[in-house]
Every structure is written in structure tokens, then in C-alpha cells.
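Presented below is the structure to which this report refers.
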Amino acid sequence: MSTHQQDMSLVTSTPPINNGNQIFPEIEMSGDSSSIVRATVVQACTIFYDTPATLDKAERLLAEAADNGSQLVVFPEAFIGGYPRGSSFELAIGARTAKGRDDFRKYLASAIDVPGPEVERMAEMARKYKVFLVMGVIEREGYTLYCSVLFFDSHGQFLGKHRKLMPTALERCIWGFGDGSTIPVFDTPIGKIGAAICWENRMPSLRTAMYAKGIEIYCAPTADARETWLASMTHIALEGGCFVLSANQFCRRKDYPPPPEYTFSGSEESLTPDSVVCAGGSSIISPLGIVLAGPNYEGEGLISADLDLGDIARAKFDFDVVGHYSRPEVFSLNIKEHPRKAVSFTSKVTKDETVKM
């Protein structure tokens with residue numbers, strides 16, 4: 001797989017820097033318009049129902065990206081845990097089946113706890129290869145699943161997570177909903193990094209919240225492989241004056257378990273093992289709306305480009321959506337960032353009670 005990925009990579013002429021101790025030096029964000037960050041979006045498929053093997057695959061891809069000089073690597077939506085493309089979980093209004101329930105049981109077993117051992121493994125990978133890592137996962141909390149993105153710095157520190165606010169269509173029957181407490185933008189030595197997942201990128205209020213937090217490198221893990229997706233990514237880059245890094249899986253039917261274990265509802269009969277069920281389309285867009293790399297519809301690969309951080313200021317000279325181009329006397333947006341919990345516990349100590357130390 002390595003040779004194919006190398007062929008699919010777009011590597012610009014700026015060489016990686018090695019100071020002897022650290023593969024990639026941390027870039028000081030002091031307004032220096034000459035700062036360059038090499039970024040890679042991974043276009044590859046989950047090994048469905050096999051999370052340990054998927055983590056091994058992720059490490060191989062991360063190692064290759066690091067060898068190519070990447071400082072930031074973004075993986076697709078639900079890469080760890082899997083995107084259940086084509087699966088209906090045999091749902092109908094007012095009815096479930098035994099097989100559909102068991103399909104969910106297996107999918108739940110492939111998800112990860114955050115924090116948990118898989119998170120520790122990813123943190124170690126980021127530390128080992130000295131890269132900032134943005135990873136799409138299926139997160140398990142109790143018996144509820146969330147489509148999430150995890151963030152790690154190049155020292156192996158877990159920075160935090162974003163949970164998808166609004167699952168699309170049947171996803172709402174499988175995944176829980178995120179809330180305002182997980183819409184982070186992390187201020188890192190290579191820029192301010194955040195993420196929105198798939199169609200929540202089409203939610204203007206969410207984008208505005210991220211712009212207001214100063215996002216500079218906008219990560220967009222997705223499952224949308226349509227050609228129209230590139231238009232959305234280009235618009236966000238122009239609107240936010242930020243780099244947009246969109247990562248999608250490239251999958252064939254044979255990348256999923258065979259029927260009857262896994263069935264593509266409504267289309268299984270027309271598929272062969274080599275049928276493409278997700279065509280990728282991963283890309284990297286500059287704040288000026290220039291497509292720096294991709295879209296790739298050909299196969300699995302690493303799509304890379306050098307990000308000139310000075311382009312952020314060049315773009316905002318024309319249009320700063322939450323700055324000089326906003327109209328706060330006309331429009332305002334209120335973001336509720338506190339966690340939404342179904343159950344809260346409050347302990348009350350009465351005057352008659354004593355606290356023993």
C-alpha cells in the first residue's frame with residue numbers, strides 16, 4: 001500500500017527540517033508571514049469491526065506522512081470504529097429486528113472510550129512521529145455512541161475532542177448528539193486548529209462560532225464523496241479566511257464484511273467486491289480559495305500540501321467574517337458552551353453535618 005500512497009501524495013518543494021533532536025521544529029505564531037506548515041489529509045478505509053487492526057493501519061499511514069515531512073495529519077470521519085455506510089441496522093418506524101440489534105452490538109464493540117487505551121495509543125503515535133494528529137473516531141460513552149474528532153499535539157498530549165452536533169439522516173438513530181461544550185479551537189504552535197464533521201460544516205452558526213474562536217486550520221473529516229463537497233470546502237475557506245483540510249475514506253465493497261454479516265441496504269445485489277462505495281474526494285484549500293491538493297477520487301492515498309500561514313492575513317484583508325465584515329449591531333449569535341447532562345447530582349451538607357478530614 002505504501003507505494004500507491006506515495007504516488008498519490010502531493011509533496012511541494014519545501015523540504016522537511018531536522019534540527020537533530022526534533023524532526024519538525026515548532027513554528028512560532030508571531031505574525032511571521034513566512035511560516036510554512038506541511039499538512040496531510042489521509043484518504044483510507046477503516047478495517048471494519050477490527051479496531052486494533054485499524055489502529056495499526058493508522059500508525060503506518062502516520063509514519064509515512066511523517067517521513068514526507070508532515071507536521072499535521074488529519075484522518076477521515078469515523079476512521080477508528082468505522083462509518084457504517086449502507087447499513088440500515090434493519091430499522092423501520094416502530095420496528096426493530098434481532099439482527100439489527102446485533103449489528104449495533106458489534107458496532108458498539110468497535111467503538112472506543114475517551115479517555116481509554118486506544119486514545120493512549122494514538123497519543124503515543126503522535127509523540128513518536130512528532131506530528132499534530134486529528135483523528136475521526138466513534139466514541140462510546142456507556143451505551144451511546146458519538147461521532148467524534150480527537151486532537152493530539154506533537155508531544156503526545158491529548159488536547160480534547162469535538163462531538164458531531166447534528167448527525168445526518170439515519171445517523172441520528174445510531175449516534176448521540178454533541179453539545180456546545182465540545183466545539184474547541186486549540187491554539188497550537190502551528191496555528192489554531194479545530195474541526196467540524198461532514199454535514200455539520202453546512203451549519204452557519206457552528207462555522208461562525210469557530211471563526212469567532214480564531215480558527216486558522218479548519219479540519220473537515222467527512223463521509224461525503226460527491227463532487228459538490230469541494231464547493232462547500234472552498235466556500236468555508238473563503239468565508240473563514242482559513243485553511244480547510246477535508247479527509248474522507250476511499251472504500252470498496254470488499255473493505256466491509258461480506259453479506260449476510262454486513263449488507264448494503266438497497267444496493268447489495270448490484271455490488272461486486274471491487275465496487276467503489278465511497279470515492280474519497282479529500283482536499284486541501286487555502287484561505288484564498290485555491291485548491292492546494294486534491295480532490296482525489298482515485299484510491300487510498302496521502303494528500304499533502306504546504307500551508308503558507310501568511311495567506312490567512314492576505315485573505316482577511318478583504319473579508320474578516322467576524323471582524324470588519326460583521327455587523328454586530330444587526331446580527332448576534334449566542335453559543336451555549338456548558339455540557340448538557342441528562343442527570344445531575346448535587347450534594348448538600350446541612351448545618352448539623354460535620355465534615356471529617
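The values are calculated or read from the model by the stated rules, or taken from the named source; none is laboratory data. Keep in mind the model is a prediction, meaning the values are calculated, not measured. All Cβ positions, even for glycine, are placed from backbone atoms using ideal geometry, and neighbour counts span all protein chains on display. Remember, those area values only see protein heavy atoms, side chains included, never the ligands or the DNA or RNA. Shrake-Rupley method; radii C 1.70, N 1.55, O 1.52, S 1.80 Å.
General observations
- Fluctuation leader among Ile312, Ile36, Ile215 - the chain, Gaussian network, Cα springs under 10 angstrom: Ile36
- Lys/Arg +1, Asp/Glu -1 at C-beta; the chain dipole; positive extreme among Phe331, Ser265, Gly176: Gly176
- Bridges between two residues of the chain, per DSSP, are antiparallel at a rate of about 70%.
- For Gly280, the residues whose modelled amide H falls within less than 5 Å of its own, excluding neighbours fewer than 5 places apart on the same chain, are Cys251.
- Range in the chain, longest, excluding exposed GluC sites (Glu not before Pro) [loop by DSSP; at most 15 other beta-carbon atoms within 10 Å]: 29-226
- The convex hull drawn around the Cα atoms of the chain, when projected onto a plane and averaged over every direction, covers 23.9 nm².
- Largest to smallest accessible area among Phe186, Phe345, Phe132, Phe331 [probe 1.4 Å]: Phe345, Phe331, Phe186, Phe132
- Most simply put, the range 142-262 has about 55% antiparallel DSSP beta bridges, counting only bridges with both residues inside it.
- Ignoring aspartates and glutamates fewer than eight residues from Lys161 along the same chain, the ones with Cα atoms less than 15 angstrom from its Cα are Glu77, Asp113, Glu118, Glu120, Glu139, Glu141, Asp153, Asp179, Asp187, Glu337.
- Of all accessible heavy-atom area on the range 36-317, the percent that carbon and sulfur account for (1.4 Å): 55
- For the chain, the relative contact order works out to 21 percent when only alpha carbon pairs closer than 8 Å and six or more residues apart are counted.
- Amide hydrogen neighbours beyond the local backbone of Phe186, cut-off 5 Å, H modeled: Ile193, Gly194
- Heavy-atom accessible area per residue - the chain, 1.4 Å, Å²: 48
- Mean ellipticity per residue at 222 nm, deg cm²/dmol - from DSSP H runs of n ≥ 4 across the chain, formula -39500 (n - 2.57): -7000 deg cm²/dmol
- Measuring only protein heavy atoms, the 1.4 Å probe finds Ser87 accessible over about 20 Å².
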